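Heads up, the thing below is written out as structure tokens.
Read the figures in this text as sums done on the coordinates, not as results from a lab. Worth saying up front: this structure is predicted, and the values here are computed from it rather than measured. Cβ sites come from the backbone with ideal geometry, for glycine too, and all protein chains shown count toward neighbours.
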Amino acid sequence: MGYQQIDCFDIHLKILRILGVWPHDNPSIYYIYFSRIFVFTFTVLYVVIYTMNFYFLPQQLEVFADELIFYFTNVGALSKALAFIFLRDKVKKMLFMLESEIFQSDDPEEIKLIKEGKEKSNFYWKITAGLSVSANTVNVCLPLLVHIIFSVELEFPVCRYSFIPEKYEAMFAYPAYFYQSIGITTHMLYNVNIDTFLLGVMFLAMTQLDILDRKLRKVTDVCINPDAARGSVDKFIDDQNAVLEIIKCIKHYDAICEYCKLIQDAFSEILFVLFSSGSCKICMCLFRFTMPATTGYFVFLTLYVTVMTLQVMVPCWFGSRLMDKSSQITIAAYDCDWTPRCRRFKSNLRLLVERANRPITIIGGKMFLLSLGTFTAIMNSSYSFFTLMRHMQSR
């Protein structure tokens, strides 16, 4: 069948390979050194310098709030990159399972479902990448163009390194600017490709549940003599065929559960950091709204907090959709023509229904259930932290 499932992740893995976190199966020594140097220089060291910069910032609450908004974003990107490196074997196992025989199909309708799932994954990547690259390009290039055309002071894309002495600012202005530009672009690409990769594998999990739903509703269609007399040869053959089909469905459901468990194992830490940092970023944006700023900056804050909210909401929404689709398996099982079938068929069907009564879930960091309920809790906690900070500020 070829790469019927995972070829929709080619663009994600190519970009992550360029960024040093997804090597080939047998990477050369040159790639290993490149990966270590690149990740350390533009990810680890980038965040370390950003952290060190807080010590030298002016003692102004507005300045600290501005810096913290981007700081949580950079810490999140660092954690995603490191998690993808250290959990690479689990990701490979998950992709290998997608290409296993049980997830392949020759049925035109099922192939159509798989194709639609891949198209949705690619479409979401295009939308996210397009918006992120456009916003990052403006953020990185606009200050430099304004500096060159109008001869104004060069503004850094993320933060001004306050630890650089004034007498050396002119000397390090351009190197620091280009270092920050490469760093923030790298972090943006980590966020875009790892986040959309996670949503892509969840798309395919939901596609497999749709395929299983369709199979269960038609599991008794293999019976060619539905009116055959009890005890006849035709009745026996039909029952045996139906039993074989329901066993295949049980194995398919087991494979989907195992696949979703691999998603959880591979992305548990990433989801934990995503939700934790997302809550902090939303809180800091709300807090920054209470301080004086220009109209342009308030517009930026509005767009930024909207994007951060969507970044948390979308995985939660997909997690809820995954639970809903897995819950539909029991309805699909009862929708088939099971009443005239043999006792063995009914026993297997009941076994599948009992297992499907517990929806498939994905948990981040052994704490956050991927659901809309978790999204509501995160927004409530962000607002609670915001009111606490407002209370402390008023005192």
Computed over the chain: longest principal axis from alpha-carbon atoms vs helix 343-356 long axis, angle to nearest 10 degrees, is 10 degrees
Magnitude of the Cβ-charge dipole (Lys and Arg +1, Asp and Glu -1) of the chain about the Cα centre, nearest 20 debye, reported as 760 debye
Considering every pair of different Cα atoms, what Kirkwood radius, in Å, is found for the stretch 222-319?
18.5 Å
With no solvent term and unit scatterers on the alpha-carbon positions of the stretch 92-192, Debye gives log₁₀ I(q)/I(0) at q = 0.15, 0.18, 0.19 Å⁻¹ of -0.75, -0.92, -0.98
Going from the fewest other Cβ atoms within 10 Å to the most, one would list 187, 24, 12 as 24, 12, 187
So the angle from the long Cα axis of helix 88-98 to the longest Cα principal axis of the chain, reported in degrees to the nearest 10, equals 30 degrees
Going toward the positive end of the dipole of the chain, with +1 on Lys and Arg Cβ and -1 on Asp and Glu Cβ, which of 183, 55, 307 do you reach last?
55
Cα centroid separation - the stretch 114-169 against the stretch 308-343, whole Å
39 Å
Considering only 282, 260, 249, whose Cα is most displaced toward the positive end of the charge dipole of the stretch 203-327, charges sitting on Cβ of Lys, Arg (+1) and Asp, Glu (-1)?
282
Mean shadow area of the chain over all directions, Cα convex hull, nm²
24.0 nm²
Per residue of the chain, what 222 nm ellipticity follows from adding -39500 (n - 2.57) for every DSSP H run with n ≥ 4, rounded to the nearest 500?
-26500 deg cm²/dmol
Starting from the stretch 31-116, pick out the GluC sites (Glu not before Pro) whose DSSP state is loop and whose Cβ has at most 16 other Cβ atoms within 10 Å.
99
Hydrodynamic radius of the stretch 1-104 per Kirkwood, over alpha carbon pairs, in Å
16.3 Å
Computed about the Cα centre, the charge dipole of the stretch 1-148 from +1 Lys/Arg and -1 Asp/Glu charges at the Cβ has a magnitude in debye, to the nearest 20, of 440 debye
Taking Cα atoms, how many degrees apart are the long axis of helix 372-394 and the longest axis of the chain, rounded to 10 and kept between 0 and 90?
20 degrees
Listed peptides 312-322, 154-164 by packing density, highest first (mean Cβ within 10 Å)
312-322, 154-164
